[in-house]
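The values are calculated or read from the model by the stated rules, or taken from the named source; none is laboratory data. Fair warning: this is a prediction, and the values are worked out from it, not measured in the lab. Methodologically, a virtual Cβ is constructed for each residue, glycine included, from the backbone with ideal geometry; neighbour enumeration extends over all protein chains shown. The accessibility values were calculated without ligands, DNA or RNA, using every heavy atom of the protein model including side chains. Shrake-Rupley method; radii C 1.70, N 1.55, O 1.52, S 1.80 Å.
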Amino acid sequence: MTRRLLIRATGAARPGQLAGLGQAMARSGARLLDINQSVTFGMVSLEALVGLDHDSDLEGALSAAGDSLGLDIQAIQVSAEDYQRWSVQASQPRLILTLLAPHLPAGILAEVGALTAEHGLTVELIHRLSGREPLDGGVPRDHQIQGACVECWLRGEEVDLDALREKALALGAMHGVDIAIQEDSIWRRHRRLVCFDMDSTLIQAEVIDELARRHGVYDEVAEVTERAMRGELDFQQSFRERMAKLKGLDESVLAEIAETLPLMDGVERLMKHLKRLGYRTAILSGGFTYFARHLQERLGFDEIHANELVIENGKVTGEVREPILDASRKAELLREIAAREGLTLEQTIAVGDGANDLKMLAAAGLGIAFRAKPLVRRQASHSISTLGIDAVLYLMGYRQVDLEDE
């Protein structure tokens, strides 16, 4: 009859420990059923599940090995019932919970632990994705993503993911922490297309508002925007009305604004890594191609899709070429680009801040509301509000150490 033992070894990490334990188990005729090892702050923790088909003094062999290797070793009998229960747990779906903030308060761990327990989830693994803080308390190096990020792997039976995300959003708001929850799958590390909104996502401005200010019609444009927010106008109607207010604006103003567009925090770092890692990138914007093209030249986007201003004799006519790029068209473009590139929708990522982005976010395999209004954060599956846009790399599963290139 097979006897199963859980071997647990802990102590200060040093070379040769795995070899010594392996030799002790091999001499006893043990079969390796499962193994896990981690080293944290110089301390090793190894757990191995082994099977023995005959009598053997494995415990004695391990005790002797532990003395020579500087390890505290326990051997725990595992019942058939426990083995079956662990096997069932290992086959349950995995969720990835990511915590992001400038600094993570220790209390958030207790809150997250209570939330996951409430939904019957077991915390399988916790590890840090962000780099370590400098010992002198200074800021991290320029190429590092600012802030802190911890990733938790969760397992459990089917959960109400929408309810879990809603509670996580409220919990995060209380502590100033972004909490993102996504289902783990083969596609999580194989996404290949990233599509971005432009205004208030890639840049810290709404270009149409800047144009209106320069043309002296900001209040009139803002009034149309307010009517649209009240539901009196749809996007296309409001867009045409706002464009009409810009009639006569000199083309030189467009160039001046394009040259001074304030980039969003972390966008240059994000684009640098996306290009280096081979992702296709696109701007899908309800703004204007004039400014999207400027960002393409500056940051290296592979393609841009936005609204085309009509300019005649050096002046804005107040018209826009059809079709107007609205929420539905953004989602359609994401699907079209993915199909053209031979990608599944699960391999796509979309990032935006407004209600006009929600259909695109819903269509993507990973949709992220970035520094969005509460309504958009609630409706999107994932959101980032506390860090720069380069924190998108954390939700993609990258660690800071993966991104080191200097």
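For the structure I just gave you, tell me whether residue 57 is out of contact with any Lys or Arg (no Cβ under 8 Å at 6 or more places or on another chain), farther than 30 Å from residue 127 by Cα, exposed (fewer than 14 other Cβ atoms within 10 Å of the Cβ) and at pLDDT below 90. Criteria met by residue 57. Filtered by the rule that a residue be open to solvent by 60 Å² or more (accessible area, probe 1.4 Å), at pLDDT 95 or above and not acidic (Asp, Glu), the stretch 346-380 gives 359, 362, 371.
Select the helices (runs of 4 or more DSSP H) contained entirely in the stretch 248-306, then report the ones holding at least 3 residues which are open to solvent by less than 60 Å² (accessible area, probe 1.4 Å) and farther than 22 Å from residue 318 by Cα.
Details: elements: 251-259, 267-276, 289-299.
Hits in the stretch 248-306: 267-276, 289-299.
Inclusion of residue 146 among residues that are open to solvent by 60 Å² or more (accessible area, probe 1.4 Å), in contact (Cβ under 8 Å) with a residue 40 or more places away in the chain and polar (S, T, N, Q) is warranted. Consider the stretch 312-345 and keep the residues that are β-branched (Val, Ile, Thr) and open to solvent by 20 Å² or more (accessible area, probe 1.4 Å). The one that is farthest from residue 189 (Cα to Cα) is 317. Do we have residue 210 as crowded, with 16+ Cβ neighbours inside 10 Å and modelled with pLDDT of 90 or more here? Yes: the conditions hold for residue 210.
From the list 88, 112, 78, which residue is surrounded by fewer than 19 Cβ atoms within 10 Å (Cβ to Cβ) and in contact (Cβ under 8 Å) with a residue 40 or more places away in the chain? Lay out the reasoning, then the answer.
On the way: 88 fails: in contact (Cβ under 8 Å) with a residue 40 or more places away in the chain; 112 fails: surrounded by fewer than 19 Cβ atoms within 10 Å (Cβ to Cβ).
Within the list 88, 112, 78, the selection yields 78.
Here is a yes/no grid of residues against (1) open to solvent by less than 90 Å² (accessible area, probe 1.4 Å); (2) farther than 20 Å from residue 80 by Cβ:
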residue: 10; (1), (2): yes, yes
residue: 18; (1), (2): no, yes
residue: 21; (1), (2): yes, yes
residue: 32; (1), (2): no, no
residue: 39; (1), (2): yes, yes
residue: 43; (1), (2): no, yes
residue: 48; (1), (2): yes, no
residue: 53; (1), (2): yes, no
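Looking at the stretch 189-210, which of the residues that are touching a residue at least 60 places away in the same chain (Cβ under 8 Å) and part of a helix (DSSP H, G or I) is nearest to the chain's Cα centre (by Cα)? Checked the stretch 189-210; the qualifying residue nearest to the chain's Cα centre (by Cα) is 207. Of all residues in the stretch 354-406, those being within 12 Å of the chain's Cα centre (by Cα) and under 21 Å from residue 126 (Cα atoms) number 13.
Scanning the stretch 166-189 for residues that are crowded, with 18+ Cβ neighbours inside 10 Å and touching a Lys or Arg at 6+ places or on another chain (Cβ under 9 Å) returns 169, 179, 180, 181, 182. The residues in the stretch 235-247 that are open to solvent by less than 30 Å² (accessible area, probe 1.4 Å) and farther than 17 Å from residue 216 by Cα can be counted, and the count is 2.
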